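Take a look at the structure below.
The values are calculated or read from the model by the stated rules, or taken from the named source; none is laboratory data. Source: prediction; values computed, not measured. Backbone-built Cβ (ideal geometry, glycine too); neighbour counts: all protein chains shown. Each accessible area value is taken on the protein alone, full model and side chains, heavy atoms only, with ligands, DNA and RNA left out. Shrake-Rupley method; radii C 1.70, N 1.55, O 1.52, S 1.80 Å.
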Amino acid sequence: MFELPQAHTIIEPFKIKVVEPIPMPTLKERRHALAAAHYNLFNLHSSVVTFDLLTDSGTAAMSAEQWAAVMRGDESYAGSRSYERFEAAVQDVTGLPFVIPTHQGRSAEFLLMRAMLRPGQLVLGNTHFDTTRANVEGAGAVAVDLPSPATKDTAALHPFKGDIDLEALERTLTKEKGKVALVILTVTNNSVGGQPASLANARAASESCRRHGVPFFLDCARFAENCWFIKQREAGQRERPVALIARDLFQVADGALMSMKKDAFGNIGGFLALRNRGLAEAVRSLMVVTEGFPTYGGLAGRDLDALAVGLKEVLDEHYLAYRVRSVEYFGQGLEQAGLPTVKPWGGHAVYVDAARALPHVKPLQYPGQSLAVALYEHIGIRGVEVGSVMLGTRNPKTGEESPAPGELVRLAMPRRVYTQSHVDCMVELAGHLVPHLPELKGYEITWQPDVLRHFTCRFKPL
Ligand code: F0G
């Protein structure tokens with residue numbers, strides 16, 4: 001009798017039951033599609049995209065168990081069994097008693113901000129996601145980002161770049177006494193590259209909030225990926241189940257908002273979970289106007305059932321090991337091919353640093369856009385620019401622009417969708433693209449709307 005050593009290769013811990021062909025357009029077809037889309041990748045039809053890395057949101061492959069749950073969906077308008085299963089799953093994972101389904105993350109944000117905020121108040125966070133910020137501002141309050149100082153160096157290998165800056169938090173809570181309505185810790189911190197926050201950071205932030213009488217919330221869209229990083233990187237957590245780490249994280253929160261289109265493998269869905277009964281009642285009476293009855297929140301019974309299953313499935317540690325390793329494998333490959341990336345690699349995406357890749361393209365000629373277009377034109381990858389197109393500021397009167405702090409291209413990995421050979425192919429072609437990077441030109445914007453221009457603006461190559 002003998003035993004082989006453990007395999008180093010981390011495998012996809014699933015086999016494939018349903019397949020969907022991916023489009024294989026030619027270079028000529030991609031060039032044609034780009035011109036027709038005015039070089040804005042949001043305007044591309046998915047039928048001409050080979051590797052769709054625009055987002056990890058709502059793009060997951062559901063499991064056989066989730067599809068089976070879809071068939072169990074109870075479509076009763078009120079008090080459906082699907083809601084009971086959904087509520088139990090959220091309570092079990094988070095320990096939070098009051099569970100309100102919503103049709104996606106931003107609707108949970110909208111309801112919470114309307115219920116909690118008064119004009120002029122402040123909301124503090126590690127970094128607010130764009131829709132969270134928009135909903136805070138929509139309620140007349142101000143969103144303040146207090147990211148970890150470790151985020152300043154995009155190449156530094158800090159284990160918890162997603163932390164909130166605890167000193168800045170304490171200072172702001174003291175200085176703005178009475179003005180801060182809410183603190184939100186986003187796990188993982190999407191806007192700084194899908195970087196995790198530590199359990200110690202969440203506990204200390206929560207403690208600070210408690211001392212100042214301010215509620216502490218989690219935006220937990222990618223909580224399982226965050227908890228996997230805690231297990232790998234935080235002292236004393238290595239032997240603990242991720243489900244327990246997650247419980248510890250939620251235990252210090254007064255509530256949580258979740259876009260279930262990420263770490264619940266949902267194609268749609270979200271929730272708001274609360275400890276405070278009065279706040280839950282306020283939200284439930286608000287939501288009838290926009291989301292629907294509080295036991296379905298804009299979702300079908302079948303969605304609630306699929307989400308309840310997905311929320312449990314995501315805590316499978318074989319899955320999480322594969323998930324984080326597959327993003328890391330992609331990041332390593334791109335680096336070896338010669339594309340500089342933001343490090344350490346996050347849970348859901350690799351961010352390519354276009355400022356370093358295209359130093360000859362000025363920030364206001366949009367190096368991120370130039371690289372994103374080239375990745376599509378030559379490799380068939382659709383990513384998203386996270387630089388001066390998306391985050392630059394513009395004076396609406398004079399049209400004068402200021403660049404964003406960084407010029408990145410996000411390549412987000414849908415969950416359970418692409419395999420290692422897809423990644424190998426993208427990396428191989430990236431290696432062929434790299435020698436041509438100095439030939440890439442900047443872009444000019446020929447038309448743009450007043451707000452959120454990156455979704456619809458039009459470009460012309462310079
Ligand atoms: N919070 C975080 C951290 C997010 O990343 C998102 C969405 C939301 C809230 C809003 O959730 O889309 O369900 O309304 N992020 C997507 C992305 C869109 O591509 O990163 P939603």
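I'd like to verify a number: residues in the range 258-298 that are open to solvent by 10 Å² or more (accessible area, probe 1.4 Å), closer than 27 Å to N189 by Cβ and away from the ligand (no atom under 12 Å from the Cβ), how many?
4
Quick grid of which residues meet (1) more than 26 Å from A321 (Cα to Cα); (2) more than 17 Å from the chain's Cα centre (by Cα); (3) outside any strand (DSSP E or B):
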residue: E137; (1), (2), (3): yes, yes, yes
residue: A150; (1), (2), (3): no, yes, yes
residue: L169; (1), (2), (3): yes, yes, yes
residue: A202; (1), (2), (3): no, yes, yes
residue: S208; (1), (2), (3): yes, yes, yes
residue: A224; (1), (2), (3): no, no, yes
residue: K231; (1), (2), (3): no, yes, yes
residue: G236; (1), (2), (3): no, yes, yes
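Using the structure shown, decide if G387 is open to solvent by less than 20 Å² (accessible area, probe 1.4 Å), under 30 Å from A264 (Cα atoms), within 16 Å of the ligand (Cβ to nearest atom) and not aliphatic (A, V, I, L, M). Working first, answer last.
Working: open to solvent by less than 20 Å² (accessible area, probe 1.4 Å): yes; under 30 Å from A264 (Cα atoms): yes; within 16 Å of the ligand (Cβ to nearest atom): yes; not aliphatic (A, V, I, L, M): yes.
So G387 fits the description; yes.
Report, by residue number, each residue of the range 312-349 that is modelled with pLDDT under 95 and either of a type in the set (K, R) or in the same structural domain as P241 (by TED's automatic domain parsing) (or both).
K343
On the given criteria, is P97 of a type outside the set (A, V, I, L, M, F, W, C), modelled with pLDDT of 95 or more and either open to solvent by 10 Å² or more (accessible area, probe 1.4 Å) or within 30 Å of V427 (Cα to Cα) (or both)?
On the way: of a type outside the set (A, V, I, L, M, F, W, C): yes; modelled with pLDDT of 95 or more: yes; either open to solvent by 10 Å² or more (accessible area, probe 1.4 Å) or within 30 Å of V427 (Cα to Cα) (or both): yes.
So P97 fits the description; yes.
Just the residues that are within 16 Å of the ligand (Cβ to nearest atom) and not aliphatic (A, V, I, L, M), please, taken from the range 41-80.
Passing the criteria: F42, S46, F51, D52, T55, D56, S57, G58, T59.
Taking the condition within 16 Å of the ligand (Cβ to nearest atom), open to solvent by less than 40 Å² (accessible area, probe 1.4 Å) and either in the same structural domain as A134 (by TED's automatic domain parsing) or in contact with a strand residue (DSSP E or B) (Cβ under 7 Å, 6 or more places away or on another chain) (or both), does V309 pass? Explain how you work it out, then say what you get.
On the way: within 16 Å of the ligand (Cβ to nearest atom): no; open to solvent by less than 40 Å² (accessible area, probe 1.4 Å): yes; either in the same structural domain as A134 (by TED's automatic domain parsing) or in contact with a strand residue (DSSP E or B) (Cβ under 7 Å, 6 or more places away or on another chain) (or both): yes.
Against the criterion (within 16 Å of the ligand (Cβ to nearest atom), open to solvent by less than 40 Å² (accessible area, probe 1.4 Å) and either in the same structural domain as A134 (by TED's automatic domain parsing) or in contact with a strand residue (DSSP E or B) (Cβ under 7 Å, 6 or more places away or on another chain) (or both)), V309 does not qualify.
Just to be sure before I move on: is A33 in contact with a Leu (Cβ under 9 Å, 6 or more places away or on another chain) and either loosely packed, with under 10 Cβ neighbours inside 10 Å or not in a loop (DSSP other than H, G, I, E, B) (or both) in the structure I sent?
Working: in contact with a Leu (Cβ under 9 Å, 6 or more places away or on another chain): yes; either loosely packed, with under 10 Cβ neighbours inside 10 Å or not in a loop (DSSP other than H, G, I, E, B) (or both): yes.
Answer is yes for this residue.
For the range 358-374: of the residues being buried (at least 24 other Cβ atoms within 10 Å of the Cβ) and under 19 Å from V434 (Cβ atoms), which is farthest from the ligand (Cβ to nearest atom)? Spell out how you get there, then give the answer.
If we filter the range 358-374 for residues that are buried (at least 24 other Cβ atoms within 10 Å of the Cβ), which is where we start, we get 361, 366-373.
Narrowing further to those that are under 19 Å from V434 (Cβ atoms): 361, 367-373.
On the way: V361: 24, P367: 21, G368: 15, Q369: 17, S370: 21, L371: 18, A372: 14, V373: 19 Å.
Per the criteria, the residue is V361.
For the range 241-257, give me each residue that is closer than 10 Å to T94 by Cα and open to solvent by less than 40 Å² (accessible area, probe 1.4 Å).
Once the filter is applied, which keeps residues that are closer than 10 Å to T94 by Cα and open to solvent by less than 40 Å² (accessible area, probe 1.4 Å), the range 241-257 yields A246, D248, L249, F250, A253, G255, A256.
Count, please, the residues in the range 154-167 that happen to be small (G, A, S), away from the ligand (no atom under 16 Å from the Cβ) and within 18 Å of the chain's Cα centre (by Cα). Spell out how you get there, then give the answer.
Within the range 154-167, the first condition is being small (G, A, S), and the residues that meet it are 155-156, 162.
Now restrict to residues that are away from the ligand (no atom under 16 Å from the Cβ): 155-156.
If we keep only those that are within 18 Å of the chain's Cα centre (by Cα) as well, we get none.
Residues in the range 154-167 being small (G, A, S), away from the ligand (no atom under 16 Å from the Cβ) and within 18 Å of the chain's Cα centre (by Cα): 0 in total.
Can we say S82 is of a type in the set (S, T, Y) and surrounded by fewer than 15 Cβ atoms within 10 Å (Cβ to Cβ)?
Values: of a type in the set (S, T, Y): yes; surrounded by fewer than 15 Cβ atoms within 10 Å (Cβ to Cβ): no.
Considered against the rule, which asks whether it is of a type in the set (S, T, Y) and surrounded by fewer than 15 Cβ atoms within 10 Å (Cβ to Cβ), S82 comes out as no.
Which residue out of A349, A404 is within 30 Å of T446 (Cα to Cα), open to solvent by less than 10 Å² (accessible area, probe 1.4 Å) and either of a type outside the set (V, I, T) or within 16 Å of the ligand (Cβ to nearest atom) (or both)?
Numbers: A404 fails: open to solvent by less than 10 Å² (accessible area, probe 1.4 Å).
Just a single option satisfies the conditions, and that option is A349.
Can you tell me which condition D92 does not meet? The list is (1) open to solvent by less than 40 Å² (accessible area, probe 1.4 Å); (2) part of a helix (DSSP H, G or I), and all the others hold.
All conditions are met except number (1).
Looking at (1) outside any loop (DSSP other than H, G, I, E, B); (2) surrounded by fewer than 20 Cβ atoms within 10 Å (Cβ to Cβ); (3) within 16 Å of the ligand (Cβ to nearest atom), which is the only condition A108 fails?
It is condition (2) that A108 fails.
Give the residues of the range 286-302 that are assigned to a helix (DSSP H, G or I) and either farther than 12 Å from I268 by Cβ or outside the structural domain of Y83 (by TED's automatic domain parsing) (or both), sorted by residue number.
Residues satisfying the conditions are L286, M287, V288, V289, T290, G301.
Residues checked against (1) more than 16 Å from the ligand (Cβ to nearest atom); (2) under 21 Å from D263 (Cβ atoms); (3) not assigned by TED's automatic domain parsing to the domain that holds A354:
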site	(1), (2), (3)
F129	no, yes, yes
T132	no, yes, yes
A143	no, no, yes
K152	yes, no, yes
L182	no, no, yes
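Can you find a residue in the range 209-220 that is under 30 Å from A355 (Cβ atoms), within 15 Å of the ligand (Cβ to nearest atom), touching a residue at least 12 places away in the same chain (Cβ under 8 Å) and open to solvent by 10 Å² or more (accessible area, probe 1.4 Å)? Write out each step before concluding.
Filtering the range 209-220 down to residues under 30 Å from A355 (Cβ atoms) leaves 219.
Applying the additional criterion that residues be within 15 Å of the ligand (Cβ to nearest atom) yields 219.
When the remaining residues are screened for being touching a residue at least 12 places away in the same chain (Cβ under 8 Å), the result is 219.
Retained after the next criterion (residues that are open to solvent by 10 Å² or more (accessible area, probe 1.4 Å)): 219.
Checking the range 209-220: at least one residue is under 30 Å from A355 (Cβ atoms), within 15 Å of the ligand (Cβ to nearest atom), touching a residue at least 12 places away in the same chain (Cβ under 8 Å) and open to solvent by 10 Å² or more (accessible area, probe 1.4 Å).
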